[in-house]
1. Pairs needed: first member in the stretch 343-361, on the phi > 0 side of the Ramachandran plot; second member anywhere, of a type outside the set (A, V, I, L, M); C-beta distance under 9 Å; at least 6 residues apart or different chains.
2. Does at least one position in the stretch 399-416 carry a residue that is closer than 30 Å to R251 by Cβ and modelled with pLDDT of 85 or more?
3. Just give me the residues in the stretch 407-449 being within 16 Å of S327 (Cα to Cα) and of a type in the set (F, W, Y), in sequence order.
4. List pairs: first residue in the stretch 306-320 and over 30 Å from L427 (Cβ atoms) and at pLDDT 70 or above, second residue among the small types (G, A, S) and outside any loop (DSSP other than H, G, I, E, B) anywhere in the structure, Cβ distance under 8 angstrom, at least six positions apart or on different chains.
5. Against the condition modelled with pLDDT of 90 or more, of a type in the set (G, A, S) and open to solvent by 20 Å² or more (accessible area, probe 1.4 Å), how does S241 come out, does it pass?
6. One residue is enough: does the stretch 180-190 have a residue meeting the conditions over 19 Å from V314 (Cα atoms), in a strand (DSSP E or B), at pLDDT 90 or above and not aromatic (F, W, Y)?
7. Which ones in the stretch 207-238 are under 36 Å from the mean Cα position of the chain (by Cα), crowded, with 16+ Cβ neighbours inside 10 Å and aliphatic (A, V, I, L, M)?
8. Name the residue that is modelled with the lowest pLDDT, counting only residues in the stretch 100-113 that are surrounded by fewer than 18 Cβ atoms within 10 Å (Cβ to Cβ) and either part of a loop (DSSP other than H, G, I, E, B) or in contact with a Pro (Cβ under 9 Å, 6 or more places away or on another chain) (or both).
Amino acid sequence: MRKSALAWIGHPLTVAAVVVLLLNDHLFKGLWPGVVTGKLSDLVGLIAAPALVNLLIRRPWLSVVLTGAVFTLVKTTATGAYLASQAWTLGWGPSVVLADPTDLFALPALYAAWWIWNHPDPGAERLARAVVVIPVAVLAVSATGQSEHSTGQSERYRPYSAYAVEVTGDKIVVAIRGYSSSDAYPKAGYVSGDGGRTWYGQSTPLTLNPQTSACVAERCYRIVPGRLKVEESADGRWVTSWEISPGDQDRLARAYAPGSPEVAESLAIAVQQRANGHVVVVANGADGIALRDVSGAWRRLGWTAHGFDAAAAVAQSAPGKYDDSVSTMALLVALAAGMAALVFGARRLDFGAASSLTWVGIWLLLSARTDPLSHVFPLLLGLGMVPAGIGSMIVTGMQGRIPFRVWAIGAATTAVTYFAAMTPIYLWSTGFFDRHGVAVGWSVVLGCATAAAGLLTVFHFEYGNIHLK
């Protein structure tokens, strides 16, 4: 029997590994989280990955070696884990891959991959099977890193929000909303009796009214709504006393848990007279507080278990976090673009209906993957619709004798559209773009451009040359 890259990826055992990987990461881990489901992903992933790598380099032994080397690097070094985190963040949203040498026990699974290569299945090279397995395998192997290792703050922590501040006698009281899951006794606020140098928690309810301005002696301060900014009166006019630039504020607002109901902006202010001057405290929502000491120096104070501390403030250069829904939306749009190119080239209504069925099934699976226990019906429906849709696409595609180049253009359109849409978001998270809105704009433009390019390419090959005047 002939050995080939398609025969390897389409082998029944490779297909079985891909199916187990998908079920484990998107269903079993939610039902039975723990060591068994965690290690199972490593085992079946190492069986499927070499076949995917071989599609690119066409060197079977080197594909197995590279897969093992990369896996070892990621699991045993901080550098490898960091690079893997960046790769999965680009592809699947904010992710953190942790080095774990105990995962190396799964390396013998590479022998199973090599055995599959050396024992090809007679029908594995058929185009119909390869067309289905390749994109699903890429989805399964790529998504496993995100679903296993993602440690987004929203899973374990809702940031506090400092929403009001008041001076009562010799004490500064900051009222807060929100909680950390590690708190046995959620706080209502934090109190300082030494001008903001140290803080302690207060559990009794607070009823503070946020004040937007405050004065002491001849000096007044006020916050600027919607901004991390404070102005002070000087010679009858207001001048900036402290601020975070709009770009940095935009990044700080997304440095916390995606989807958090709290904001990072100045919400209230208070001034306290001290023996050698005065201090100003600003409640900055999810960002904590800003403190002006008696010398006139401003500092941002972030959240700690006991109150606020400058060392805990989120760095203004911190990577921006975007919600998993961003990458999910990009994937769905990319799949729609790829399938539109396929339908455009196929010119069959039944193929279009099968593509729509597949897309809806994938949408249901992606919608249910974050919480499978609460979305059992959409999950089961998606598991039924995707195979049915893909099978119908294969049958109608064969009946219509859809050329291989149309399949190739559709797959390429999906991949290129996805990464074109996600690259600006990733660049924003690393600081390349100053504003999130700019990155979103570029994402829409590049995504639409690549989707249109896919349709034009199909039109060029299937309907004749395009002449631009």
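1. Taking only residues 6 or more apart or on different chains, the pairs are R347/G400; R347/E462.
2. Yes, that holds for at least one residue.
3. Hits for the stretch 407-449 are Y418, F419, Y426, W428, W442.
4. Partner pairs satisfying both residue conditions: H306/G201; G307/S192; G307/G201; F308/G302; D309/G302.
5. Yes.
6. Checked the stretch 180-190: no residue is over 19 Å from V314 (Cα atoms), in a strand (DSSP E or B), at pLDDT 90 or above and not aromatic (F, W, Y).
7. If the condition is that a residue be under 36 Å from the mean Cα position of the chain (by Cα), crowded, with 16+ Cβ neighbours inside 10 Å and aliphatic (A, V, I, L, M), then I223, L228, V230 are the ones that fit.
8. D100
The values are calculated or read from the model by the stated rules, or taken from the named source; none is laboratory data. Since the structure is predicted, the reported quantities are computational estimates derived from the model, not experimental observations. Cβ: placed from backbone, ideal geometry, glycine included. Neighbour counts: every protein chain shown. Only protein heavy atoms, including side chains, enter the accessible area calculation; ligands, DNA and RNA are left aside. Shrake-Rupley method; radii C 1.70, N 1.55, O 1.52, S 1.80 Å.
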